[in-house]
Every structure is written in structure tokens, then in C-alpha cells.
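Okay, so here's the structure we're looking at.
Derivation of every value follows stated rules applied to the coordinates shown; laboratory data play no part. Here the structure is a predicted model, which is why all the values come from computation and not from measurement. Glycine gets a Cβ as well: all are built from the backbone with ideal geometry, and neighbour counts include every protein chain shown.
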Amino acid sequence: MSQPPPQQAAAPASDLPTRLIGGVIVIATTVIFGYLGGWWFTVFVLVVIGLATYELWRLFQAAGYKPSLGVALLTAAAAFIGIRFPSLFILAPAMSLVLLASLAWQLHRMQVRNFGDWAVSFAGGFYMGWTGGHLADVRELPNGVWWLALTLIAVWLADSGAYVFGRLFGRHKLAPAISPGKTWEGYLGGALAGALGGVLVGAASPIGAPIGGIAGLLIGALSVFGDLIESMIKRQAHAKDSGHLIPGHGGVFDRIDSLLWASVIVFYVAVLATGQLP
């Protein structure tokens, strides 16, 4: 049985400026493209999903698989485009084509890759594209800029609330085998902080405080699973971060793991609350 990676030392104080700069770049870029919406935001999210899929492919490699980057990227693109543009009716044929073609190609490559390599390639790409397509769709909802703001703010506050509550009150481990630093106390703090963020954005927008609070609470309570899933993969890959693209913050996947889950949650809360699709 493989041993878990050793605990990393806390980042030195000299890394703080780098982390601040990296954080400002990420937030500013997301806010700008989110405000522009339309094709600007769609292409931005697609690029982000492509980078995160590449990082996931690298993690699978480090975990001992021989995944196909082509299968992962094509599956991600097919799922993303199918979700983002449902009126084109291409999700089913595109996914069917990628599924069958990649399996047929796997027969040709069986000497160097086994079925598990294909499975993680397809599943990883589908996960990224499916959830990423929902993130792009959130912006296209009626009052989409507000739904996107709610998603981002609730995720950021939930992460901060979980960290603060965990540091101050954390006693009971949430998932010690996957992420030893997370506690049930931090989880509760994150859920409450997410709900608060949802109420604040909802009260300041046409969404309304009650619906905003429900969406924020669900984000705080459920988006942590996105973080835990990535932590599980990184633990198997003996990796601290998914990549090094963002100064002081690791990779793209590190930054959107919770956001992917939150986007799916907000999209369906909005559809149920308003009865309207993008």
C-alpha cells in the first residue's frame, strides 16, 4: 500500500506577496470576463477547463496511469459544448462519437494502455466538461451576472469560513484519510459563511435574500466535495498541488475544484426558482 505524501511545511512569510499577487490576478480576471459575459466568458471558462483537464491528466500520470490527453480533452470539450449550447442538440451525438471512437482507439493502443487508462481519461474529461459547462451557463441565466456573483462570493466566503472556523474551533476530523486539515467545525463554518454570502448577494439583487440564502447554504454544504475529490486524486498522485500556473496558489484545478460543484448547484437552484433556462 502506498504511503500518503508527507505533510508540507507552512508557507514562509516571504511567499505572502506572491500569493496576494496571484489571488488578485485570479479574482480580477474572473470578474472582468464574468462581467463581459457572452462569448467572452464562455471562451474564458473553456480555456480554464482545458487547463484544468491537462492538470488532471498529469495527476493521473503521477498516480500510475497512462491516460490519454486527447480522450480527456475531447470528452471535456464535447460535454462542455453540449451543456453550454443545448439548442444545438449535439451533446448526445458528440459524446457518443467520443465514447465509441476512443474505445475503438483503445483497442489499437492496448499494448501500452489498459482499460483503466481509458476510463480515467474519459471520466476525468467528462467531469471537467460537464461541470464547466454549467459554470458558463450560470452567466447566461436571466440576471446571470448576479447568479455568477452569488456563486463566486459564496464559494470564496465558504472557503474562508471553513478555514477560520477550522483553525479556531476545529476538533473533529471531516475526512482524515483524504484531507487531514478539514474538520466538521470548519465544515459548519463554511456552510454558514456560504449562506451569509448568498443572503447578501440575494438581498442586493433581483434574486432575493431567501433564494440567495438557500443557494449559498447549499454551496457551503456541498461544494466541499469538489475540494475533497481533488484532494483524493492528489493524494493518490503524491502531489501537493495540481500545477504551478498560478503564483502562490498552485494550479487551475486547485482554484476551481469547489467552484465546479457550486456552479451545478446554483444553475439548478436558479432554474427551479425562476422556471427559466438560459
*If the cut-off is 22 Å between C-alpha atoms, which lysines fall inside it for Lys182, apart from same-chain ones fewer than 8 positions away?*
Lys173, Lys234, Lys240
*For His172, what is the net charge nearby, where nearby means another residue's Cβ is under 13 Å from its Cβ and Lys, Arg count +1, Asp, Glu -1?*
+2
*Select from the chain the helices, each a whole stretch of DSSP H, whose alpha-carbon atoms run 27 Å or more along the helix axis and whose Kyte-Doolittle mean is at least -0.5; answer none if there are none.*
16-36, 38-62, 115-140, 144-169, 184-203, 252-274
_Average Cα contact separation per residue, the chain, under 8 Å, 6 or more apart, as relative contact order %_ = 22
*So what is the calculated 222 nm ellipticity per residue for the chain, using -39500 (n - 2.57) for each DSSP H run with n of 4 or more, over all residues, to the nearest 500 deg cm²/dmol?*
-25000 deg cm²/dmol
*Of Asp159, Asp227, Asp241, how do they rank once you tally other Cβ atoms within 10 Å and put the fewest first?*
Asp241, Asp159, Asp227
*asked:* Counting each pair of different Cα atoms once, what's the Kirkwood radius of segment 147-278 in Å, rounded to one decimal?
replied: 15.0
*Is the chain best put as rounded, prolate or oblate by its Cα gyration tensor, with a ≥ b ≥ c the root eigenvalues, rounded for a/c under 1.5, and otherwise prolate when a/b is larger than b/c, oblate when not?*
oblate
*Leu174 long-range amide H proximity, modeled H, under 5 Å*: Lys182, Thr183, Trp184
*Mean Cβ neighbour count within 10 Å, used as a protection proxy, ranking 54-62, 27-35 highest first*: 54-62, 27-35
